[in-house]
Amino acid sequence: MKRSPRDTESSMKKVTRRGAVLGGLQLGVAGLLGWRMRQMQVEQADAFRLLAEENRINMRLIAPARGLIFDRNGIPLAENAQNYRVVIVREDAGDVDAVIAKLQQLIYLDPVEIERARKEIMRRSPFVPVTLTDQRSWEDIATVAVNAPALPGITPDVGLTRNYPLQEDYAHVVGYVGPVSDYDLSRIDDDDPLLQIPKFQIGKTGVEQKYERDLRGKAGARRIEVNAAGRVMRELGRDEGISGADIQLTVESRLQNFVEARLALGLSASAVVMDTRNGDLLAVGNAPSFDPNKFVRGISVSDYGDLTNNKYRPLSNKAVQGAYPPGSTFKMMVTMAALDAGMLSAGETFYCGGYHELGNRRFHCWKRGGHGWVDLDKSLQQSCDVYYYELAQRVGIDKIAETARRFGLGERFDLPMSAVSPGVMPDKQWLRERYDQSWRVGDSLNASIGQGYVLSTPLQLAVMTARLASGTKIEPRLVKSIDGVEQEVRGAEPLGFATEHLRLVRNGMNSVTNSRRGTAYGSRIEPDNMRMAGKTGTSQVRSVVVRNQDVPWEERDHALFVGYAPVDNPGLAVSVVVEHGGGGSSAAAPIARDIMLFALYGEMPPLEGYPSSQRGRMETLLSELPLRDDFRPSDRRGRA
């Protein structure tokens with residue numbers, strides 16, 4: 001059918017309009033694309049160039065050098081040692097087993113290490129280096145380097161690792177580091193990216209743990225170029241990190257080594273030496289101890305089992321964690337409480353017939369025949385229990401507890417060591433809250449001789465003794481300085497007790513060691529200008545009284561001694577606890593006397609420091625102590 005001219009004209013108009021609309025749309029899209037291209041290429045060029053660079057350049061953290069730890073004289077206790085290691089890259093090695101076999105012909109490789117490395121190699125990308133072995137000697141590294149052409153994929157490398165040069169001496173004080181674990185990350189609130197570095201070492205115990213943030217330092221960074229597969233091509237630049245702060249402790253290494261060696265003769269024991277003037281802890285000893293270097297790389301199952309299964313508990317810091325009945329070393333607290341309350345006069349006496357009756361029960365004195373009439377001086381000198389039963393009934397537990405706390409018992413001191421115990425200084429309220437029981441007079445009698453609910457640590461006993469000797473509220477201090485900044489000495493203000501009362505107690509402690517009938521007379525120091533005052537203690541660990549030699553070691557009494565010297569000008573305080581050692585006078589006092597002599601002389605005790613009748617035996621004992629060779633004097637006699 002032939003279309004009319006009008007229809008044809010109408011159709012052409014429609015086509016023209018559609019073409020115009022379509023052309024306009026196309027032109028608009030083209031314009032939009034052009035505008036966007038200009039915006040991306042001109043206005044946003046820097047942003048997209050940066051994104052491209054970030055895809056090509058990675059930032060990697062650089063672990064800083066960990067801060068060092070020194071003793072008061074600058075002897076290093078924790079240092080960073082070069083760690084020579086051998087790494088392998090699977091992609092470059094080709095046949096990994098064949099290359100490892102060649103390497104084994106050159107240097108010894110632990111089969112356990114190799115098996116661990118094989119698993120790590122298969123878990124990692126083929127271009128990621130994996131450590132085959134570390135802690136190697138320079139000779140081993142040189143051997144690997146010389147034979148590098150025959151060992152494809154094998155590279156000698158060097159890094160830093162923690163080292164404890166004095167080994168067992170400071171295991172419980174300095175502590176140790178170890179690789180950061182998932183458990184560590186879950187329990188600490190720290191977003192430091194360093195903690196995400198595999199096998200990054202952090203403090204696990206002791207000063208290493210408590211001052212972790214100071215010792216760790218700040219991370220550095222390096223810029224590396226990688227290809228599309230993520231393989232490192234080259235290093236473009238680096239910013240070194242900031243090393244951790246150096247920490248100086250108050251301890252003295254020669255004394256610490258002597259303390260550790262002397263305690264080792266007591267099987268399981270601890271000791272604390274404290275400066276009475278500023279609170280500096282000069283030695284914190286524990287026996288037995290352990291080598292913290294074994295924990296740095298990851299201790300073996302067998303070695304860890306040997307430590308945990310040892311009945312003498314080498315992993316425990318007994319000096320601050322061990323809470324023991326203080327025994328008769330607590331009697332000075334009862335005396336001070338009675339004097340301060342005005343319930344005792346210096347010349348007042350009590351009769352000791354060997355026991356004290358309370359209702360239908362007898363509380364026995366350690367001396368079954370009794371001490372007769374006893375005054376304050378004699379009560380401490382011969383450690384009469386009945387005297388303190390009488391005082392406890394007069395004074396009451398609340399006054400005794402309040403006095404003891406002023407001397408540091410029952411207090412948890414803020415020191416950078418793991419699990420510092422507060423001990424137990426009970427009173428009536430404590431017993432109600434803890435056991436929902438009422439305090440009885442018999443409980444006071446038990447507490448008066450350091451038994452019952454009373455528990456104290458060797459650290460607290462050293463503080464108690466230092467406060468008795470100085471009359472001040474001195475607090476223990478372990479950190480001397482951080483990056484050269486001296487740390488505060490706290491507690492130099494007076495305790496608030498009458499000078500005369502302190503003098504009476506000190507006189508009694510002097511009689512303990514320097515009067516012929518004193519319980520520690522056999523452990524006296526001979527030179528007049530160095531004489532020591534002290535107090536022995538024996539605390540029961542079982543309710544039935546039997547001879548120590550008739551029961552297993554674990555059921556024997558603990559032996560304790562506290563003392564200070566010199567008597568006329570106190571400068572040092574010491575406490576010693578020998579677990580299940582038997583008697584304080586026979587087991588703890590001799591150790592404390594030897595430690596005090598070393599601390600006073602600053603070197604191996606000279607024989608002139610001992611009573612003449614003991615010098616032959618002491619010469620043998622001192623010569624056989626397992627001291628470090630670099631601390632052992634060439635002339636053992638020292639000076640008089």
Mean projection of the alpha-carbon convex hull of segment 63-249 over all orientations, in nm²? 12.6
By how many nm would the segment from Arg542 to Ser137 grow when fully extended, if each residue of separation counts as 0.36 nm and the alpha-carbon distance is taken off? 140.5 nm
Expressed in nanometres to one decimal, the distance between label points 7 Å along Cα→Cβ at Glu555 and Leu160 is 5.4
Which whole-number percent gives the relative contact order of the chain, counting Cα pairs below 8 Å spaced six or more residues apart? 13
Using Cβ counts within 10 Å as a stand-in for footprinting exposure, how do Leu255, Leu391 rank, fewest first? Leu255, Leu391
Nearest 10, in degrees from 0 to 90: the angle of helix 5-38 to the longest Cα principal axis of the chain is 40
Everything considered on the Cα gyration tensor (a ≥ b ≥ c; rounded for a/c under 1.5, else prolate if a/b is larger than b/c, else oblate), segment 241-332 must be described as oblate
So if each residue of separation counts as 0.36 nm, and I subtract the Cα-Cα distance between Glu357 and Leu195, what length gain in nm does that give? 51.9 nm
Cβ-based exposure ranking for Asp443, Asp594, in which fewest neighbours within 10 Å come first: Asp443, Asp594
Compute the signed sum of charges (Lys and Arg +1, Asp and Glu -1) over the other residues within less than 12 Å, Cβ to Cβ, of Leu263. -3
Which peptide among 317-323, 209-215, 335-341 comes first, and what is the full order, when sorted by highest mean count of other Cβ atoms within 10 Å? 317-323, 335-341, 209-215
Give me the base-10 log of I(q)/I(0) for segment 122-216 at each q in 0.16 Å⁻¹, Debye formula, one uniform scatterer per Cα, rounded to two decimals. -0.87
Segment 285-391 - charge dipole about Cα centre, Lys and Arg +1 at Cβ, Asp and Glu -1, debye rounded to 20: 460
Log10 I(q)/I(0) at q = 0.25, 0.26 Å⁻¹ for segment 278-358, from Debye over equal alpha-carbon scatterers, is -1.28, -1.31
So how tilted is helix 385-395 from the main axis of the chain? Cα-based, degrees 0 to 90, rounded to 10. 70
Loop-located trypsin sites (Lys or Arg not before Pro) in segment 517-561 whose Cβ has at most 16 other Cβ within 10 Å (DSSP): Arg517, Arg531, Arg542, Arg547
Dipole of the chain, positive direction: furthest Cα of Ala419, Met464, Phe561, with charges on the beta-carbon: Ala419
With no solvent term and unit scatterers on the alpha-carbon positions of the chain, Debye gives log₁₀ I(q)/I(0) at q = 0.09, 0.12 Å⁻¹ of -0.83, -1.20
With unit charges on the beta carbon (Lys/Arg positive, Asp/Glu negative), name the residue among Thr133, Ile121, Gly159 whose Cα is farthest towards the positive pole of the charge dipole of segment 63-249. Ile121
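Could you put Ser300, Ser421, Ser186, Ser328 in order, starting from the residue whose Cβ has the fewest other Cβ atoms within 10 Å? Display every interim value, and only then the final one.
Details: Ser300 11, Ser421 18, Ser186 7, Ser328 28.
If I rank by nearby Cβ atoms, fewest first, I get Ser186, Ser300, Ser421, Ser328.
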Computed Rg/Rh for segment 255-396 (Cα atoms; Rh = Kirkwood radius) stands at 1.15
Give the angle, between 0 and 90 degrees and rounded to the nearest 10, that separates the Cα long axis of helix 589-601 from the longest principal axis of the Cα atoms of the chain. 70
Relative contact order [Cα under 8 Å, 6+ residues apart], segment 491-537, whole percent: 32
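Quick note: the coordinates plus some simple rules give every number you see, no bench work behind them. Treat the numbers as computed from the prediction; the structure is a model and nothing was measured. Methodologically, a virtual Cβ is constructed for each residue, glycine included, from the backbone with ideal geometry; neighbour enumeration extends over all protein chains shown.
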